[in-house]
Amino acid sequence: MRRKLAATFESVPFRNVILRDTTRFVTPELVSRVALCIVWQDMGLPFRSALTIGAIGVAICTHPAIAASKSHVVTLGKSITVQWLPETGRGGNQDKPVTLKVRPLLLDGHIKEFMLGSPHDVTDRLFAVRRAFRVNDTLPQETASPPHWEWQQGGWILVDRVTGHVSAVNLPEFDAEYSTVSWYRDYAAYCGVSEDGTKVFAVVAEIGRRRAILRKELQGKSIDENAALCAAPSWQRLPPRVSFEAAGSVRQSFVVRGHAVDLLDESEDEAGTK
């Protein structure tokens, strides 16, 4: 069989051209097929059968569901200073811009997103970070002028360091201007705001769950233009517990047990911290 192949190749009129320019035809799949054919030919299989089995083997090994996922390089760029203009004017003058520092999130050297603040490592592979973006603030009658871009604070995203995949973190009733998230493991604690802006809730959300594991209204607190921002909740461990203390409401602590949260008595909380 090998002699027949050699004779066939010698009869090809353009063999010299093929020999001079073979590198562009050599692919990993072709090398794998030739190697498999040689192995199965040595095992006594007919050449046609070996070629067919080799092609099937390569197709299986290179299938997207079986082949290893491609690794990417995720890095954080240098921070830049931008101006952010709050839309509601909560906690200050609406016409006065606020200075923010944003950093680009780079995937293989290309900008994937912009981020605010410091990232939170959920695992050694996943980290959560707050997103920043620019919105076109140009009015319809200003079409002749260049677009007017304004920076906005967004929600939180989850980034995979290996694959570079970015997904949104579901934080129920999270308010981009009012809520300050405090992270512990894969739990996010913050003061959430109702859609009409009249109520404030103590919220604990867990990554991967659609509903919050804690949603309790904080009495004596309402949102208006002069309201101070809700302080970031504080976490403690053994057992994991979180405390909320908003202006106009009493301090409340909750124990987190898996997907459930229980109200903690303040006397027990003080005894546990001593």
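What follows draws every value from the coordinates through simple rules; no lab data is involved. This one's a predicted model, so the numbers in the text were calculated from it and none came from an experiment. Here the Cβ positions follow ideal geometry from the backbone for every residue, glycine too, while neighbour counts run over all protein chains shown.
Near Phe114, the amide H atoms lying under 5 Å from its own belong to Leu105, Ala132; only residues 5 or more places off or on other chains count, and H is placed 1.01 Å from N.
Taking other C-beta atoms within 10 angstrom as a stand-in for reagent exposure, Asp160, Asp262, Asp196 fall in the order Asp196, Asp262, Asp160, fewest first. With the simple spin-label model, which puts each label point 7 Å out from Cα in the Cβ direction, the Thr143 to Lys216 separation comes to 5.4 nm. Taking amide H atoms as placed 1.01 Å from N in the peptide plane, the amide H of Tyr187 has no partner under 5 Å among residues 5 or more positions away or on other chains.
Sorted fewest first by neighbouring Cβ atoms within 10 angstrom, Arg215, Arg257, Arg241 come out as Arg257, Arg215, Arg241. With a Förster radius of 30 Å applied to the beta-carbon distance between Thr99 and Ala232, the computed FRET efficiency rounds to 0.95. Scanning residues 5 or more positions from Val98 or on other chains, those with amide H under 5 Å from its amide H are Trp84, Leu85, with H placed 1.01 Å from N in the peptide plane. Karplus-based coupling profile of segment 155-165, in residue order and whole Hz: x, 9, 10, 10, 10, 9, 5, 7, 8, x, 6, with θ = phi - 60° in 6.51 cos²θ - 1.76 cosθ + 1.60 and x standing for Gly or Pro.
For the pair Ala176 and Asp262, label points projected 7 Å from Cα toward Cβ lie 3.9 nm apart. Ranked for footprinting exposure by Cβ neighbours inside 10 Å, fewest first, Phe133, Phe127, Phe244, Phe201 give Phe133, Phe127, Phe201, Phe244.
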